Amino acid sequence: MRKRASEPATDLDRGDSDRQFVTALHRGLEILRAFRPSDKAGLGNSELADRTGLPNSTVSRLTFTLLKSGYLVYDDGTGRYRMGVPVLSLGYACLAGMQVRETAQVYMQKLADDCGDGVLVALGGRDDMAITYIAAARSEGVISLQLNVGSRISLARSAMGRAYIAGTTETERAEIIERIRDRYPADRLNEVLEGIHDAQEQIAAKGFYANIGGWQKDVHAVSVPYASQQPNTPMLAFNLGGYAFSLTKERMENELGPKLVDLARMVSRVGY
């Protein structure tokens, strides 16, 4: 059965055919994946069911198990769950294994400082049908994008996501496109696919993709795919963005896009 467009896409249908695939484990991880940094008040079972597309009865059993394991914490007053401390240890273990993050952070901060105007420079990787920030650096400014390590943005619509799709393997790109076709309604699908194709053409021509108001109308961004030379490091992407009133289309395309390409090359040259 096809999921509603508002529901996160999962690999349940494909995974069930693999005898090595543990569906219960996958569903438990989908519960944890449903939480977002903005969910400060937590989530109830009904909200988790809506975000994951799982039945309410299944969600109740999973949240009970995750609660007993310490991965979720329950608030008796609100009837909502929050992530427990053990989840944090998993995240830091992941970040600690990515040497490229520490190397890139220095160059990212320098670029952000040089650009000024509340610029945010980020490094992210694919998280299902989203991009998750694994590093972020911002310049001083009155207003800047409020995204940090752990923030998740659209894989199909954001500049960073489209740069990732453009830079990854043909096999993974085809899998992503297939899932996009299942995920988006017909009236939006062509727009999304055209944006991804545009990203591929821009990166092939000049090394970066400029998304001018395509993700959010008042946000401009440029992105570059990054394939690390470090063994076992996943495909990543760099992004530089900010509000349109301070980052004009001309500046993004003529100055900041090339600078982001230089940053990616510098990080690659130092061995990561």
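The values are calculated or read from the model by the stated rules, or taken from the named source; none is laboratory data. Fair warning: this is a prediction, and the values are worked out from it, not measured in the lab. All Cβ positions, glycine included, derive from the backbone under ideal geometry; neighbour counts span all protein chains shown. Just the protein is used for accessible areas: all its heavy atoms, side chains included, with ligands, DNA and RNA removed. Shrake-Rupley method; radii C 1.70, N 1.55, O 1.52, S 1.80 Å.
Compute, for the chain, the length of the dipole vector about the Cα centre, with Cβ point charges of +1 (Lys, Arg) and -1 (Asp, Glu) only. Units Debye, rounded to 20. Kindly include the intermediate steps, with their values, before the conclusion.
Values: 33 positive and 33 negative charges, 96 e Å.
For the chain, the charge dipole is close to 460 debye.
Of all the accessible heavy-atom surface of region 123-259, with the other protein chains kept in place and a 1.4 Å probe, what percent is carbon and sulfur? Working shown, then result.
Details: 2950 of 6120 Å².
Summing carbon and sulfur atoms, their accessible area is 48 percent of the total for region 123-259.
Counting only DSSP H runs of at least 4 residues, each contributing -39500 (n - 2.57), and dividing by the residue count of the chain, the helix-based mean residue ellipticity at 222 nm comes to -14000 deg cm²/dmol. Kindly list the residues of region 25-46 that lie in the label zone of SER69, defined by a backbone N under 12 Å from the point 7 Å along the Cα-to-C-beta vector. 25-33, by backbone N distance to the label point. A Förster radius of 22 Å combined with the Cβ-Cβ distance from GLN99 to ASN148 puts the calculated FRET efficiency at roughly 0.60.
All C-alpha pair distances within the chain, sorted into 5 Å bins from zero, spread as 1, 6, 12, 16, 17, 16, 14, 11, 6, 3, 0, 0 percent across the bins.
A Gaussian network model of the chain, with springs between Cα atoms under 10 Å, assigns the largest mean-square fluctuation among ARG138, ARG19, ARG36 to ARG19. The modelled label-to-label distance for the pair HIS26/ASP76, using points 7 Å beyond Cα in the direction of Cβ, is 3.8 nm.
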